[in-house]
């Protein structure tokens, strides 16, 4: 009798465990997290190059992680660019682009000059960022090889070989961009046009970046002449093109690299989160400058 009672109690307890164990709440736990209050700060995004005729800068404001409001685009910010401590140009709001803009000025691009961007948005702390202009690097050779390359998918495509002489004794960072640049004559008018060509590479040391840039450092060829190989599905030998080489700052390179990594990881549940590099004091974002050189291909 005792054994029967014990068995009944055992099976009853087992049924209770099975019932409660199959409950969803048994496999989850609710943890309340106190989200710290967010103080909005100025956000900047600007890349000024010696190849630019106009400088444009996006000015925005940061949001908290739970904030559902739209990003603010202040129209009354004070934006000034200084060179070696001396103001050289102010920026004004442009309604058509939702950015601040200024025309280029004489002397921009002086190697070694310190450029400081200062932005003051009413109601937020002032923000600034500094960059030292790198030296431009000459493109020694840019040669198109029709059907001279194999793509990552095994297709026969046009190749482009680029030679550059890397300055010794300093870390250098680069970006390459290929442009089609030509004119169309329709008397009495002549129209000039330019657009970017997508370049690819099989080089594992070269990374993709925004605006169809390919970026890399001189870590593998410091102080030497580097021969870089690219390819494109476009017919490179049938167009008037310009190869542009940007000498980047370290901060600019880190921003472009981290932003591409962020875009690749975004929405991937198996990827590690990526923080986009920022060099703005008193805010977030990027202010980067570059020295550009060009070489005409198929004149």
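Quick note: the coordinates plus some simple rules give every number you see, no bench work behind them. The shown structure was predicted, so the numbers you read here are calculated from the model rather than taken from an experiment. Note that each Cβ is placed from the backbone with ideal geometry, even for glycine, and that neighbours are counted across all protein chains shown.
Answer rounded, prolate or oblate for the range 121-244, using the Cα gyration tensor with square roots of eigenvalues a ≥ b ≥ c: rounded when a/c is under 1.5, else prolate when a/b is larger than b/c, else oblate.
oblate
In a Gaussian network model over the chain where Cα atoms closer than 10 Å are linked, find which of 123, 109, 252 has the largest mean-square fluctuation.
Of 123, 109, 252, the Gaussian network model singles out 123 as fluctuating most.
Taking each pair of distinct Cα atoms in the range 42-132 once, what is the resulting Kirkwood hydrodynamic radius in Å?
Kirkwood radius, the range 42-132: 14.0 Å.
Once every DSSP H run of n ≥ 4 in the chain is given -39500 (n - 2.57) and the sum is divided by its residues, what mean residue ellipticity at 222 nm do you get, rounded to the nearest 500 deg cm²/dmol?
-4000 deg cm²/dmol
Arranged by the count of other C-beta atoms within 10 angstrom, fewest first, what order do 59, 184, 197 take?
184, 197, 59
Using the count of nearby Cβ atoms within 10 Å as a rough guide to exposure, how do 34, 261, 90 rank from fewest to most?
Least to most surrounded, the residues fall as 34, 90, 261.
Can you give the relative contact order of the chain as a percent, counting alpha carbon pairs under 8 Å and 6+ residues apart?
Worked out over the chain, it gives 20 percent.
Using the Cα atoms as the points, what is the convex hull volume per residue of the chain in Å³?
Enclosed volume per residue, from the Cα hull, is 252 Å³.
Can you bin every Cα-Cα distance in the range 104-186 into 5 Å intervals starting at zero and give me the percent of pairs per bin, rounded to whole numbers?
That works out to 3, 9, 11, 13, 13, 13, 12, 9, 9, 5, 2, 0, in percent per bin.
Tilt of helix 2-21 relative to the longest C-alpha principal axis of the chain, in degrees (0 to 90, nearest 10)?
Compared with the principal axis, the helix lies near 20 degrees.
Based on DSSP, what percent of beta bridges with both residues in the chain are antiparallel, to the nearest 5?
Roughly 90 percent of the DSSP beta bridges within the chain come out antiparallel.
Using a ≥ b ≥ c from the Cα gyration tensor of the range 224-294 (square roots of the eigenvalues), is it rounded, prolate or oblate, where a/c under 1.5 gives rounded and otherwise the larger of a/b and b/c decides, a/b for prolate?
oblate
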